[in-house]
Every structure is written in structure tokens, then in C-alpha cells.
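So the structure is just underneath, and the comments pick up after that.
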Amino acid sequence: MTLVLTRKLLWAIVTLIVASVVVFLALEIVPGDPAQVMLGINATDEAVEALRRSLGLNRPPLERYLSWISGMIVGDFGKSYTYSVPVWELFIDRVTVSLPLALLSLFISAAIAIPVGVYAAARRGSAADTGIMAISQLGIAVPNFWLALLLVYVMAIWLQLVPAGGFPGWEAGVLNGLQSLLLPAIALGLPQAAILSRVTRSALLETLGEDYIRTARAKGLSRRATLWKHALRNSMIPVVTIIGLQFAYLLAGTIIIENVFYLPGLGRLVFQAISLRDLIVVESIVMILVATIIIINLLVDLAYFWIDPRLRRRGAR
Amino acid sequence: MTPDLAPPAQHFWSRALANRSFFVGFIITAVVVMMAAVSYVWTPFDVTELNIAGKLKAPSTLHWFGTDHFGRDIFSMIMVGARNSIAVALVAVIIGIGIGVPVGCWAAARGGFLDEALMRGNDIIFAFPALLSAVMITAVFGPGAINAIIAIGIFNIPVFARLARGAALALWTREFILAARVAGKGRALITAEHIVPNMANLIIVQGTVAFALGIIQEAGLAYVGLGTQPPFPSWGKMLNEAQTMMSFAPHMAIVPGLAIVITVLGLNLLGDGLRDVLDPHLSRERT
């Protein structure tokens, strides 16, 4: 098993390194001079050159890449051109909005989808199953940012139950913060719940057809006990895979939703950085998100070993 | 048993049209495609014509879906916007199939280190959701429909590569492939003559799913300003413009959103139906 884990870890590190090269090179070929863009067309050549020097833009690309990547490893992501503060500080400031939003929407998605998927599988072919499948089919087709607009219209403008947007900051209290994140999290989480409920249903149905389930029933175990004790855990691999993929998607998806609700998260930071051509911010935030996705994929792989003991034995051999 | 002597195409259509998912999905998709095609020659109103006096009108017999904040006819904009959604999503699917399927087939045919390397390359691309690719591409080249196509297309490549590799690996163990190898055919020829035609159904089904996802992704990119740029109408851009008008002109947000939902639903139903019709074995496993 250790060999499999080491191999997976090494591949994740290689993937991270290649991804960092891709991100660096992609933003390296940007047309125009960032220093010129920042200072405007009326800037003197001397001023532009001075800024280029202070930003390190006149160093060779390889040197800049190595300094960027070695800085990232120790938490130094460079300094924002426009905010004049370390990117790490900006990241910490904004991730306290984006991460809770992604986690809350993942929680909403799983809390709805898993019970609904189990219920539909347990009553396969019933009217409830058909209804759940039809609703989930519709849910998959709904773009989260449109659902967000509708939620704003109904819950904030019409019923005036929650604020339409903005974020008061965690210092205004956890409840106030969560209240501001609730609508965005529902908008992000519901379409994902539609996908996850279908995956849960089909994974569980496949497990329920296995011989050991029949044996458990033949032993006299109740339907409910068979479902919860034997079938559910064994059908968790595809469910965990999708949850892992969804978390990565939700983290990136916050970029759009933050724009609907005017939330000061990573997404809005990236868009502001693009318009201001603050490339170090764009490249660092994209790299952090990509690294998070690679790490989540690795954790999902490792979770398989925890869920399925057969994989542990196979890996140990 | 009487052998089925109907030509394959006729046989397909008779089975397909009897499938409820396929039928509904096909009708919806056909209507959207026709709407987009007709918009090249006719729209009820000119989508570039501004009419400030007639702005923000609710749906009526004159303007079926109402007008926007510039007085433009929303129905006409939906028609023209359909072109954009279809074109971006379709080209992105073609990129995904065009690069992903050969890569997947190549990996399966060669095996060993090349297979491992190609699949790990896939993992790297997979770490870049379309939105992040679009952010990077936009940071470099600026926003636009072409960049949206590239971002969604890149996202599609590993999806099709994994699918093609899995299907090809299974096919390489079959007797008829062994027979072709015994006959002296090379890997490339076997892939072109036997492997690809035998996985075509799977690719078509995944193609409709990726097409549907591409419509949502395109709308998302246009919504945040990374996709199609004004004055060309796009469903995502229409939603963006509707955001600040929600309290007094909700139809501006409801109509483009419904257009996206109905189109995606139609494509998903079409994909489900195609899977049932083209691969009954897979369909049985799924349910």
C-alpha cells in the first residue's frame, strides 16, 4: 500500500510542477508590458524601466519562474502591482469568503443529494423515484448563476428575507457572515445536488444487485439495515469521487457566483486583477486554485483506500 | 425469428423515435438549432436597433419576450444568441473529440510508458477547470468568443481522451481485433478501421453531454465578461445585463435563463435517449 501511496504522491508533485510551468508560461506570453500598462501611456521611459526593475520584469524568465515557485513553497507569492501588498495577504483576506462558500455549498449539495439518492434507489421504479429523477434532470440543466439571480429576486427583492448581496465580514459575527453566504451557497449547491443524487442512486442500485446483499437479506437482515450497513458504504467510491470533483468545481465556481452577489472573494479579486493587468495576482491565485484541485484529487484517491479495504490489501500486495 | 431486414438508418430512427427521452430531446434541440439558423435570414426585430422609448417592456403580442433596457426585442436576441451558444459549445466539443479521441486511442494502442505519460498529461489538463483556463487566456489575450471556445475545448480534451482510452482498451481484447492483428494489420490501421468505428456510439453520447455542458459554460463565461462581447447578443451576457434590472424587469433575466435550461435539458434528454438506443446494454446497467 505504501508503494501505491508514494507513487500517487509523486505523480501529484509532478503534476503540480508541470501545472506551475503551464501557468507561468501562459502569463509570460502576455502581449504588452505590464509596467507600461500600469503607469499608462503618458509615463516616461525611465519611470517604466524603474518599475520593471522593481517588479523584477527585466530578469530572465527562468530566473523569475524559479524565484516565483520557490517563493510559493515558503508562502511568498510576490507583491501585487496594484494593491502594493503581498499577494499572500490578499489571498488570506479573500479566501475567508471563498472557502466557506465552497464548503457550505458542498455541504448543502451532499446533505440533499445523498439522502435523496438513497431514497430513490430504495424505491426504484416508484413514483417518488421517477419524480426525483425528473427533478434532478431539470436541476442539472440549471446554470448556478441563473439560479442565483432567481434566488435574489424571490428571497431578497420579493420576500426580503436575506440581503441581495455583499458581505459584512466575519467580524460582524459568524451568523451574519453565514447569512450572506447562504443564497450563494444554495445557488452553487443545488445544481450539484442534482448530479450527486443521480450518482448516489445509480451507485447504490449497482451495489444492491450484488450477491453479498442477497446473502445479508437471506440471513434475515432487514431491508433498512442491509441498505445502511452494507450497501451504502460499498457504493461510496463513485459518490466520493464526484464530491471531490464537485469541491474543485465549486471552488472555481465561486468565481462566477461572487460576481452575482458582490462577494469580496477570490473570484472578484481575480477579475479585478485581470482588468488592472495585475498578472502576479492572477498567476498566483490561479496556481493556488489548480494546486488545491490537484491536492483534492489526491485526497479522493487516498479516500478510496479508507472506504474499500480490498484496495488496501491489493495495494499491500 | 424473422431477421430484421430494415436498413440500419431506418432501424435506428424507428427505435429512436419510440424512445421518449430521445424524442423530446430531439424536438427541443431541433427547435433551438432551427431558431439559430433562421436568425441568419430573419428575426422579428433588428437586434442592433436601439429603441429607448420602448425599453423594458413586459412580454406582449408585439414583443413576445418583452424588450431590454435599450428597447431591443428579447425574442430576437434569444434567436441570435442561440447561434453563439451552439457555435461555441459545438466547436469546443469538436476540439475535445478531435484531440481527445486520437490521444485516448494512441494511449490504448501503445500502452506502457506512453499510455501512462499521456494519461498523466490528461490529469494536468483536468486540473484546469474551463473557468480557470478562460481566466488565464483572457488575462493574456483579452475576452472573446474564440477564447471561450479554446477554454471549453481544452477542458473537453481529457474527458474524451479518458473515454476513448477506456473503450479502446476493452476493444483491444476482443476476438475480431485479434483476428485483424493475426491478419498482419498494424495498430494504427486497426484503430482507424475497427476501434474508432466501434466506439463511435459512446463518443456521440458523450458528445451530446459535453455539448450541453458547453452551453452552460459558455453562458457562464459570457456572464462574467470573459466570453462573447457586446454588441453581439449572447444568453450569458443578457443575464449579466439583467442583473441590475431584476427588481423592475425580471423578464430580462427569466427568458435567457429559460432558454439555457430548455436547451441543456433537451441535449441531456437527447444524450440519455441516444444511450438507450445505441447501447441498450449500458442503458440497462445505468438503471
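Each other residue within a Cβ distance under 9 Å of B:T67 adds +1 if Lys or Arg and -1 if Asp or Glu, for a net charge of +1. Averaging Cα coordinates gives a centre for segment A:258-290 and one for segment B:102-125; these two points are 33 Å apart. Take the Kirkwood radius over Cα pairs of chain B, plug it into Stokes-Einstein at 25 °C and 0.890 mPa s, and you get 117 µm²/s for translational diffusion. The sum of -39500 (n - 2.57) across all DSSP H runs of n ≥ 4, divided by the residue count of the protein assembly as shown, sets its helix-only mean residue ellipticity at 222 nm to -24500 deg cm²/dmol. For A:R233 and A:L5, the FRET efficiency from 1/(1 + (r/R0)^6), where r spans their Cβ atoms and R0 equals 22 Å, is about 0.55.
Over segment A:193-317, the hull volume per residue, using the convex hull of the C-alpha atoms, is 123 Å³.
Model label points for B:W13 and A:Y262, set 7 angstrom from Cα along the Cα-to-Cβ axis, are 5.5 nm apart. Here the dipole of the protein assembly as shown is about 2400 debye; that uses its Cα centre as origin and unit charges on the Cβ of Lys and Arg (positive) and Asp and Glu (negative). Comparing A:P184, A:P61, A:P264 in a Gaussian network model of chain A, where Cα atoms under 10 Å apart are tied by springs, the biggest mean-square fluctuation is seen for A:P61. Under a Gaussian network description of chain A, with springs only between Cα atoms under 10 Å, the residue in A:N58, A:N42, A:N144 that fluctuates furthest is A:N42.
Counting only other chain Cβ atoms within 10 Å of each residue's Cβ, the peptide A:134-143 averages 5.
Projecting the Cα atoms of A:P184, A:W158, A:A218 onto the charge dipole of segment A:100-265 (Cβ charges, centred on the Cα centre) puts A:A218 farthest toward the positive pole.
If the segment from A:I135 to A:A225 were pulled out straight at 0.36 nm per residue, it would be longer than the present Cα-Cα gap by 29.6 nm. Semi-axes of the equivalent ellipsoid of segment B:169-287 are 45, 17, 8 Å, computed as sqrt(5λ) over the eigenvalues of the C-alpha gyration tensor in descending order.
Between B:F141 and A:Q179, the modelled labels are 4.6 nm apart [label points 7 Å from Cα along Cα→Cβ].
Between A:G75, B:N156, A:Y119, the Cα set farthest toward the positive side of the dipole of the protein assembly as shown (charges on each charged residue's Cβ, about the Cα centre) is that of A:Y119. Global dimensions of segment B:53-209 from alpha-carbon coordinates: Rg and Dmax equal 21.9, 77 Å. What residue among A:G125, A:G169, A:G78 shows peak mean-square fluctuation when chain A is described by a Gaussian network model with Cα springs under 10 Å? Taking springs between Cα atoms under 10 Å, the residue moving most is A:G125. Based on C-alpha pairs under 8 angstrom that are at least 6 apart in sequence, chain A has a relative contact order of 27 percent. Under the criterion of Cα pairs below 8 Å and six or more residues apart, the relative contact order for chain B equals 26 percent. Subtracting the Cα-Cα distance of A:T44 and A:R124 from 0.36 nm times their residue separation leaves 21.5 nm of extension gain.
Convert 25 °C to kelvin, take the viscosity as 0.890 mPa s, use the Kirkwood radius over C-alpha pairs of segment A:100-265 as Rh, and evaluate the Stokes-Einstein diffusion coefficient in µm²/s, rounded to a whole number. Rounded, D is 143 µm²/s. The Cα trace of the protein assembly as shown gives Rg and Dmax of 25.8, 89 Å, the first to one decimal, the second as a whole number. According to the Cα-based calculation, Rg over Rh for segment B:22-110 is 1.22, with Rh computed by the Kirkwood formula. Placing a label point 7 Å from the Cα of A:T96 along the Cα-to-Cβ direction, the residues of segment A:135-175 with a backbone N closer than 19 Å are A:166-175.
Taking the Cα centre of chain B as the origin and placing charges on Cβ (Lys, Arg +1; Asp, Glu -1), which of B:A9, B:G214, B:L265 is farthest toward the positive end of the dipole? So the residue furthest toward the plus end is B:A9.
If you plug the beta carbon distance of B:A117 and B:N201 into 1/(1 + (r/R0)^6) with R0 = 30 Å, you get a FRET efficiency near 0.60. The orientation-averaged shadow of the Cα convex hull for chain A, equal to a quarter of the hull surface, comes to 21.5 nm². Summing Lys and Arg as +1 and Asp and Glu as -1 over all other residues whose Cβ lies under 14 Å from the Cβ of A:G169 gives a net charge of -1. Need the C-alpha centroid separation for segment B:213-227 versus segment B:136-170, integer Å. Rounded to whole Å, the Cα centres lie 14 Å apart.
Relative to the Cα centre, the charge distribution of segment B:175-287, modelled as +1 at Lys and Arg Cβ and -1 at Asp and Glu Cβ, gives a dipole magnitude of about 240 debye.
Once the Cα atoms of helix B:74-110 and of chain B are each reduced to a long axis, what angle between those two axes, in degrees from 0 to 90 to the nearest 10, is obtained? Around 20 degrees separate the two axes.
In this simple spin-label model, placing a label point 7 Å from the Cα along the Cα-to-Cβ direction at both B:V41 and A:A218 gives a separation of 6.8 nm.
Placing +1 on the Cβ of every Lys and Arg and -1 on the Cβ of every Asp and Glu, with no other charges, gives chain B a dipole of roughly 400 debye about its Cα centre.
No value in this document is a laboratory result; all are computed from the given coordinates. Nothing here was measured: the structure is a model prediction, and the numbers come from that model. All Cβ positions, even for glycine, are placed from backbone atoms using ideal geometry, and neighbour counts span all protein chains on display.
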